[in-house]
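The values are calculated or read from the model by the stated rules, or taken from the named source; none is laboratory data. In this text, all values refer to a predicted model and were calculated from it rather than measured experimentally. Here Cβ is always computed from backbone atoms with ideal geometry, including for glycine, and neighbour counts include all displayed protein chains.
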Amino acid sequence: MVRGELVYVCCRIYRMSISKSKDPCDPRTRKSLSKEVDSLPTKGPPIIRMAKRAQEGIGIERGCLGVLPASFNPPTSAHQALVREARKAIEFDELLLVLDQRAMDKEFFGAPLEDRLLMLLALFGDDPQISLGISNRGLFLEKVEALQKAYPPDTQIYFIVGYDTIVRVLDPKYYVDRGKALQELFSQAHFLVANRGDRDQRDLKKLFRRAENRPFAERIISIRLPSSIVCISSTLARERWAEGESVKGLIPPQGGRVPKEAGTLL
């Protein structure tokens, strides 16, 4: 057994030990998730800790992995639509929804991480192909490093993002050597990119026609969200809630399975 395989097997055993199915309505679930969140290191190597492991996901053999990273503050109908449309584009063996401990360019506020995980469990916990995890890194290149430790060698990685996120991925301010970092990132992962707001597939094509982005264009797959979804965001849901307005259509009804005391928006 080579070193990479040994690391993977050890990580796999650890993941299975902490990722049993959890009932989001059981108070013990929140307590368990809180312990996992608190134990996630903010320093050291990139780590993705599993809160829920897919029952029918990738096993010991390589497979096709879809990864949706977000702050999920709170999870919205747009997140559900991203999962649905990504599945239409690619036949995944497993989907991983990753909650960032601290996202790029965003101060931490709103629902605690364990409450966001509870909401994700309520929305996706019954899906046998979906895993839920927590990442201690915001940069995608560092997420790739963590994913490669957690999944079999040569697993195909497809990040699922919106247009606004791919713009941030390309922003040179995040890199010491942009060209080198992006070459490394796009050589190891594809990106499924959805229209957001008034930005659609035409804008995406234009973005990757630029000389500095053109080398990565073949690693981009466009997916289309319905017009009724493209303007839905966690920010909009929080604002509506704060003003006492209905969040119907913004937050999926399955979120109601979580007790009100477990989340700031439920």
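Here are a few things to note about the model shown:
- Within the span defined as the stretch 193-202, one or more residues are surrounded by fewer than 14 Cβ atoms within 10 Å (Cβ to Cβ), in a helix (DSSP H, G or I) and either modelled with pLDDT of 95 or more or of a type in the set (Phe, Trp, Tyr) (or both).
- One residue from ALA78, ALA86, ALA51, ALA70 being among the aliphatic types (A, V, I, L, M) and either more than 30 Å from GLY197 (Cα to Cα) or at pLDDT below 90 (or both): ALA51
- Note on the stretch 203-243: among residues that are of a type in the set (Val, Ile, Thr) and part of a loop (DSSP other than H, G, I, E, B), the one that is surrounded by the most Cβ atoms within 10 Å (Cβ to Cβ) is ILE229.
- Condition broken by ARG224, with the remaining ones in (1) within 27 Å of CYS64 (Cβ to Cβ); (2) without any contact (Cβ under 8 Å) to a residue 24 or more places away in the chain satisfied: (2)
- When each of PHE92, PHE72 is tested for being within 11 Å of the chain's Cα centre (by Cα), buried (at least 22 other Cβ atoms within 10 Å of the Cβ), of a type in the set (Phe, Trp, Tyr) and not in a strand (DSSP E or B), the lone residue that passes is PHE72.
- Residues in the stretch 115-162 that are in a strand (DSSP E or B), at pLDDT below 95 and surrounded by fewer than 24 Cβ atoms within 10 Å (Cβ to Cβ): ILE134 only.
This table checks each residue for (1) under 30 Å from TRP241 (Cα atoms); (2) among the hydrophobic types (A, V, I, L, M, F, W, C).
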| position | (1), (2) |
| --- | --- |
| ARG53 | no, no |
| PHE72 | yes, yes |
| THR76 | yes, no |
| LEU82 | yes, yes |
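- Any hit, the stretch 114-124, residues being under 16 Å from GLY162 (Cβ atoms), in contact (Cβ under 8 Å) with a residue 60 or more places away in the chain and not hydroxyl-bearing (Ser, Thr, Tyr): no
- Considering only residues in the stretch 163-184 that are part of a loop (DSSP other than H, G, I, E, B) and not hydrophobic (A, V, I, L, M, F, W, C), the one that is surrounded by the fewest Cβ atoms within 10 Å (Cβ to Cβ) turns out to be ASP177.
- Close pairs from the stretch 75-90: first over 17 Å from TYR163 (Cα atoms), partner aromatic (Phe, Trp, Tyr) and outside any helix (DSSP H, G or I), Cβ under 8 Å, at least 6 apart: ILE90/TYR158
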